[in-house]
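See below for the structure under consideration.
The values are calculated or read from the model by the stated rules, or taken from the named source; none is laboratory data. Quick caveat, the model's predicted, so the values are computed rather than measured. All Cβ positions, glycine included, derive from the backbone under ideal geometry; neighbour counts span all protein chains shown. Just so you know, the surface numbers come from the protein's heavy atoms only, side chains and all, with ligands and any DNA or RNA stripped out. Shrake-Rupley method; radii C 1.70, N 1.55, O 1.52, S 1.80 Å.
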Amino acid sequence: MSKKSQALAVLMVSTLAFTVCFMVWMMFGVIGIPIKKALGLNATEFGLLTAMPVLTGSLVRVPLGIWTDKFGGRIVMVLLMALTVPAIWLMSYATAYWHFLVIGLFVGLAGGSFSVGTPYVARWFPKNRQGFAMGVYGAGNSGAAVNKFIAPALVVAFGWAMVPQVYAAVMLGTLLLFWVFSASDPAHLVPSHTRFSDQLRALKEPKVVKYCQYYSIVFGGYVALSLWMVQYYIGEFGLDIRTAALLAACFSLPGGVLRAVGGWLSDKYGAHSVTWWVMWVSWICLFLLSYPQTEFTIATLAGPKTFHIGLNVYAFTGLMFLLGIAFAFGKASVFKYIADDYPENIGTISGIVGLAGGLGGFVLPILFGVLVDLTGVRSSAFMLMYGVVWVSLIWMYWTEVRGTEVLGRRAHAFRLGGSSASPSLQEPA
């Protein structure tokens with residue numbers, strides 16, 4: 001098999017493995033609804049339930065990225081998937097709230113697969129195609145949408161306990177396929193003399209911290225909303241679980257599949273340009289999604305009249321679809337930053353950034369639940385996300401946009417005025 005064919009095989013089978021891992025990771029987004037009803041959980045407890053797998057999947061990302069650099073993605077991915085199978089199966093036997101929390105921690109290991117596959121796949125491709133390759137692999141995020149298609153049907157037909165049993169079998173089958181069709185290349189390994197402390201030194205770099213903040217929105221927000229949306233549709237619009245899951249997939253599916261397009265755009269136009277537009281589109285969508293269902297009464301000549309303002313299910317789903325596309329492009333563009341700035345240390349940096357994104361996906365569902373319990377307003381989840389996006393836009397402006405030729409040096413010269421400004425403004429483009 002030629003090197004090019006081998007690279008494509010690795011990309012396809014790795015993307016399949018990541019899709020299944022992500023499907024398992026997002027399992028509570030659907031089965032958490034009947035569990036919530038059976039256990040009588042409030043919104044905060046439900047948020048914690050859905051977030052537990054995300055916590056483990058986040059915390060293991062840094063060590064998994066480092067081990068991938070050192071030992072190779074193939075063996076690390078196989079061991080990771082094998083460890084999750086027993087935990088997924090045991091989930092069907094849980095009965096108490098603490099059972100679900102503890103087992104969820106072990107199921108969450110599947111979420112660490114991103115930090116394994118990203119450097120594993122990227123190193124099989126030349127630099128000018130790494131954004132696309134990582135985007136294709138990252139399209140495995142669509143496992144969140146696959147979960148919304150499969151799990152509701154299983155819940156309605158057989159009960160929620162059937163879902164983890166089916167998912168355990170699917171994970172085992174995927175593991176075998178990955179082992180057969182994947183490959184290893186010793187040239188992709190980080191030299192053995194590289195120390196753990198050397199790889200973690202990147203944590204001190206401001207750029208890495210900034211990329212972590214970006215990713216906590218586009219990935220952390222994606223994970224959190226994927227977990228939250230099914231029950232949101234049920235509560236806000238009174239839908240049944242299958243219809244709610246289908247509409248929620250309008251966010252999850254483009255948020256995963258279109259990541260490959262985001263990788264291509266990042267290769268062509270640069271990570272900065274794509275990320276800048278992603279943040280603005282997200283800001284607009286979240287502003288509109290934040291507005292709660294509102295009724296107000298005004299005095300008119302004919303007497304008091306009551307008006308209603310709020311998104312209907314169609315407008316809401318349309319905005320969520322656009323937000324999913326923006327997040328898909330953003331997830332790819334952030335990792336294009338990493339591939340450009342840290343080509344020799346992709347595994348470690350992707351692990352660190354992935355950790356930040358995963359922690360965002362862990363914290364946000366809990367905060368969503370807390371806000372709903374405190375305010376009684378479901379759209380408070382989007383209000384929180386809107387504020388977080390504001391932070392990224394401001395940070396990006398001061399560290400990247402303001403330093404460009406147009407908004408930086410020339411704008412500064414214009415503010416100075418006088419003769420010193422004129423030459424700068426008259427320079428050819």
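Kindly check whether there is at least one residue in region 82-89 that is over 24 Å from the mean Cα position of the chain (by Cα), surrounded by fewer than 24 Cβ atoms within 10 Å (Cβ to Cβ) and over 28 Å from VAL353 (Cα atoms). Working first, answer last.
Here is the first cut: in region 82-89, the residues over 24 Å from the mean Cα position of the chain (by Cα) are 86, 89.
Adding the requirement that they be surrounded by fewer than 24 Cβ atoms within 10 Å (Cβ to Cβ) leaves 86, 89.
With the extra rule that they be over 28 Å from VAL353 (Cα atoms), the set shrinks to 86, 89.
Checked against the condition, which is being over 24 Å from the mean Cα position of the chain (by Cα), surrounded by fewer than 24 Cβ atoms within 10 Å (Cβ to Cβ) and over 28 Å from VAL353 (Cα atoms), region 82-89 yields at least one hit.
For region 199-236, which positions are more than 16 Å from the chain's Cα centre (by Cα) and under 19 Å from MET383 (Cα atoms)?
VAL230, GLN231, TYR232, TYR233, GLY235, GLU236
Under 9 Å by Cβ, and 6 or more places apart or on different chains, what pairs join a residue from region 24-35 that is among the small types (Gly, Ala, Ser) with one that is part of a loop (DSSP other than H, G, I, E, B)?
Matching pairs, first to second residue: GLY32/LEU41; GLY32/TRP160.
Which one of these is out of contact with any Gly (no Cβ under 9 Å at 6 or more places or on another chain), β-branched (Val, Ile, Thr), touching a residue at least 24 places away in the same chain (Cβ under 8 Å) and within 19 Å of CYS212 (Cα to Cα): ILE394, ILE352, ILE338, ILE346?
Details: ILE394 fails: touching a residue at least 24 places away in the same chain (Cβ under 8 Å); ILE352 fails: out of contact with any Gly (no Cβ under 9 Å at 6 or more places or on another chain); ILE346 fails: out of contact with any Gly (no Cβ under 9 Å at 6 or more places or on another chain).
Result of the check over ILE394, ILE352, ILE338, ILE346: ILE338.
Scan region 327-348 for residues that are part of a helix (DSSP H, G or I) and open to solvent by 10 Å² or more (accessible area, probe 1.4 Å) and jot them down. Give the derivation first.
In the first step, residues of region 327-348 are kept if they are part of a helix (DSSP H, G or I); the result is 327-341, 346-348.
PHE329, LYS336, TYR337, ASP340, ASP341 - these are the residues of region 327-348 that are part of a helix (DSSP H, G or I) and open to solvent by 10 Å² or more (accessible area, probe 1.4 Å).
Criterion first (of a type outside the set (Lys, Arg), in contact with a strand residue (DSSP E or B) (Cβ under 8 Å, 6 or more places away or on another chain), more than 23 Å from PHE237 (Cβ to Cβ) and open to solvent by 40 Å² or more (accessible area, probe 1.4 Å)) does THR306 satisfy it?
Numbers: of a type outside the set (Lys, Arg): yes; in contact with a strand residue (DSSP E or B) (Cβ under 8 Å, 6 or more places away or on another chain): yes; more than 23 Å from PHE237 (Cβ to Cβ): no; open to solvent by 40 Å² or more (accessible area, probe 1.4 Å): yes.
No, not satisfied.
So THR95 fits all but one of (1) hydroxyl-bearing (Ser, Thr, Tyr); (2) farther than 18 Å from GLY117 by Cβ; (3) assigned to a helix (DSSP H, G or I); what number is the exception?
Result: THR95 passes all but (3).
Taking the condition of being within 29 Å of PHE114 (Cα to Cα), surrounded by fewer than 17 Cβ atoms within 10 Å (Cβ to Cβ) and touching a residue at least 60 places away in the same chain (Cβ under 8 Å), how many residues in region 377-391 meet it? First the steps, then the outcome.
Of the residues in region 377-391, the ones within 29 Å of PHE114 (Cα to Cα) are 381-391.
If we keep only those that are surrounded by fewer than 17 Cβ atoms within 10 Å (Cβ to Cβ) as well, we get 387, 390-391.
Restricting the remaining residues to those that are touching a residue at least 60 places away in the same chain (Cβ under 8 Å) gives 390-391.
Looking only at that region, the number is 2.
Looking only at region 270-282, which residues are within 19 Å of the chain's Cα centre (by Cα), open to solvent by less than 50 Å² (accessible area, probe 1.4 Å) and of a type outside the set (Ser, Thr, Tyr)?
Looking only at region 270-282, we keep the residues that are within 19 Å of the chain's Cα centre (by Cα), and these are 271-272, 274-282.
From what is left, the residues that are open to solvent by less than 50 Å² (accessible area, probe 1.4 Å) are 271, 274-275, 278-279, 282.
If the condition is that a residue be within 19 Å of the chain's Cα centre (by Cα), open to solvent by less than 50 Å² (accessible area, probe 1.4 Å) and of a type outside the set (Ser, Thr, Tyr), then ALA271, VAL274, VAL278, MET279 are the ones that fit.
Among the residues of region 345-394 satisfying the criterion of being of a type in the set (Val, Ile, Thr) and under 18 Å from PHE28 (Cβ atoms), which is nearest to the chain's Cα centre (by Cα)? First the steps, then the outcome.
To start, the set of residues in region 345-394 that are of a type in the set (Val, Ile, Thr) comprises 346, 348-349, 352-353, 363, 366, 370, 372, 375, 377, 388-389, 391, 394.
Within this subset, residues satisfying the condition of being under 18 Å from PHE28 (Cβ atoms) are 363, 366, 370, 372.
On the way: VAL363: 13, ILE366: 16, VAL370: 21, VAL372: 22 Å.
So the residue we want is VAL363.
Condition test on LEU311, is it over 16 Å from SER252 (Cα atoms), open to solvent by less than 50 Å² (accessible area, probe 1.4 Å) and not charged (D, E, K, R)? It would help to see each step written out before you state the result.
Details: over 16 Å from SER252 (Cα atoms): yes; open to solvent by less than 50 Å² (accessible area, probe 1.4 Å): yes; not charged (D, E, K, R): yes.
Criteria met by LEU311.
Using the structure shown, decide if THR56 is within 16 Å of SER182 (Cα to Cα) and part of a helix (DSSP H, G or I).
Working: within 16 Å of SER182 (Cα to Cα): no; part of a helix (DSSP H, G or I): yes.
Spelling it out, it is not the case that THR56 is within 16 Å of SER182 (Cα to Cα) and part of a helix (DSSP H, G or I).
Just to be sure I understand, how many residues within region 98-123 are over 25 Å from LEU41 (Cα atoms), in a helix (DSSP H, G or I) and open to solvent by 10 Å² or more (accessible area, probe 1.4 Å)?
1
Any residue in region 172-188 that's under 16 Å from MET81 (Cβ atoms): show its pairings with residues that are hydroxyl-bearing (Ser, Thr, Tyr) at Cβ separation under 9 Å, as long as the two are six or more apart or on different chains.
THR174/THR19; PHE178/SER14; SER182/SER14; SER182/TYR120
Has region 55-71 got at least one residue that is open to solvent by 20 Å² or more (accessible area, probe 1.4 Å) and within 17 Å of GLY256 (Cβ to Cβ)?
no
Could you list all residues from region 349-376 that are of a type in the set (Val, Ile, Thr), more than 17 Å from LEU48 (Cα to Cα) and open to solvent by 50 Å² or more (accessible area, probe 1.4 Å)? Spell out the reasoning first.
Applying the first criterion (of a type in the set (Val, Ile, Thr)) to region 349-376 yields 349, 352-353, 363, 366, 370, 372, 375.
Within this subset, residues satisfying the condition of being more than 17 Å from LEU48 (Cα to Cα) are 349, 352-353, 375.
Answer for region 349-376, where residues must be of a type in the set (Val, Ile, Thr), more than 17 Å from LEU48 (Cα to Cα) and open to solvent by 50 Å² or more (accessible area, probe 1.4 Å): just THR375.
Checking the conditions here, which among VAL353, VAL391 is touching a Cys at 6+ places or on another chain (Cβ under 7 Å), modelled with pLDDT under 90 and either within 13 Å of GLY47 (Cβ to Cβ) or in a helix (DSSP H, G or I) (or both)? Walk me through how you get there before you give the answer.
Values: VAL391 fails: touching a Cys at 6+ places or on another chain (Cβ under 7 Å).
The conditions single out VAL353.
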